[in-house]
Structures are given as structure tokens and as C-alpha cells.
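A quick write-up on the structure given underneath.
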Amino acid sequence: MSTQDNLNEAFAGESQANRKYLAFAEKADQEGYRQVAKLFRAAAAAETVHALNHLRVMGAVGKTRDNLNGAIAGETSEFRDMYPRFIEEAKKEKASDAVILSLDVANKVEKIHAGLYKQALDNLGNNRETDYYVCSICGNTVEKGAPERCPICNAPKEMFKRID
């Protein structure tokens, strides 16, 4: 393997560790282990530092226009190829929870992300401002304001968080 391959693998591992540790922190908080939750959040923040360092060294962060094009390609690949393949495999295995609670909603949201990135690319330089809201249940991402009910998972408006 090359150094570039190793950096890519390290980036993926550090990114996954960040998300996993944040989930662990949430669980520790729910169980009343505040100090453990803080430790998991601290480690997650450190993993983010590592991941971003790897990404920079790999030269994977370009100009915003290039980053948007890359994001559009990545999200499009996910909703056209990756998730449909994963959904079919889960259906064959009769893993309905994986389909209903995870893969299908992610697939729907990735299509929305691709559209939002395309819109941002089309408006790049226009200084058009909008607010974004993310459903904390399914990840649906909307502009301007949260809907009364999430069109993907039917969560109430209160489950949407405004992103700064």
C-alpha cells in the first residue's frame, strides 16, 4: 500500500471513531455517566483533528467549486449506486430494520444533499443566504425552516435542529 492509501484508510478510521465516540457519549449521558461522556466527546474531538490532518495532507480539500463538485458526485453515487445495492442486499437477508430505519432514509437524504450542493454550486458567488435545518431522526436536510412534519420520517418540527 502507498502512503496515500494509508492516509485514506487512516482518515476513514479516524472519521468513524469520531462518530462512534459521539454515539458512545450520548449513551453515557443517558445512563448518567457525565464524566465518561465528556471523555468520549474529548476523544471524538481529537479524532476529528487527526482526520482533518490526514485529509489536508492527502490534498483532498480543494477550492469550494471543486469541493462542491466532489460532494455532488459522492452524494449522487451514494443514492444511485451504493444505497440501492445495500438495500437490495438487506432485503435478501430479510434485514428489514436495516432497510427501514437506516439505509432507505439515508438514500433519500443523500439525494436531497446532492440537490442542495448543486444549488449551492449554481449560486456560488451570489452570497445567497439561507438557513438549514436537519432532522435529528433521519438526517433530512431542509432550507429556510423546519416543516411541521418531516416528509421522510414523519418526525415533528421540534426534531429539526438549525445549523449555524
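The values are calculated or read from the model by the stated rules, or taken from the named source; none is laboratory data. Because the structure is predicted, anything quoted here is derived from the model rather than measured. Methodologically, a virtual Cβ is constructed for each residue, glycine included, from the backbone with ideal geometry; neighbour enumeration extends over all protein chains shown.
Structure notes:
- Any pair with Cβ under 6 angstrom, 6 or more apart, that starts in segment 141-164 at a residue that is farther than 20 Å from E110 by Cβ and ends at one that is at pLDDT 95 or above and aliphatic (A, V, I, L, M): K157/A146
- Of the residues making up segment 140-163, those that are polar (S, T, N, Q) and within 18 Å of the chain's Cα centre (by Cα) are N140, T141.
- Among residues of segment 77-97 that are farther than 12 Å from K108 by Cα and in contact (Cβ under 8 Å) with a residue 40 or more places away in the chain, none has a Cβ under 9 angstrom from a residue that is of a type in the set (A, V, I, L, M, F, W, C) and surrounded by 11 or more Cβ atoms within 10 Å (Cβ to Cβ) at a sequence gap of 6+ or on a separate chain.
- Every pair of residues 6+ apart whose Cβ atoms lie under 6 Å, when the first sits in segment 2-29 and is polar (S, T, N, Q) while the second is assigned to a helix (DSSP H, G or I) and at pLDDT 95 or above: S15/A51; N18/A44; N18/E47; N18/T48
- Test: residue in segment 122-131 that is closer than 24 Å to S15 by Cβ, surrounded by 12 or more Cβ atoms within 10 Å (Cβ to Cβ), touching a residue at least 12 places away in the same chain (Cβ under 8 Å) and not hydrophobic (A, V, I, L, M, F, W, C): no
- Extreme residue, farthest from N67 (Cα to Cα), among residues of segment 99-133 that are under 17 Å from the mean Cα position of the chain (by Cα) and among the hydrophobic types (A, V, I, L, M, F, W, C): L101
- All of (1) more than 22 Å from S136 (Cβ to Cβ); (2) surrounded by fewer than 13 Cβ atoms within 10 Å (Cβ to Cβ) hold for R34 with one exception: (1).
- Hey, I72 in contact with a Leu (Cβ under 8 Å, 6 or more places away or on another chain), of a type in the set (A, V, I, L, M) and not assigned by TED's automatic domain parsing to the domain that holds V142 or not: yes
- Test set (1) under 23 Å from N67 (Cβ atoms); (2) part of a helix (DSSP H, G or I); (3) among the charged types (D, E, K, R) - E158 fails condition number: (1)
- Residue, surrounded by the fewest Cβ atoms within 10 Å (Cβ to Cβ), within segment 132-153, restricted to residues that are in contact with a Cys (Cβ under 9 Å, 6 or more places away or on another chain) and of a type in the set (S, T, N, Q): T141
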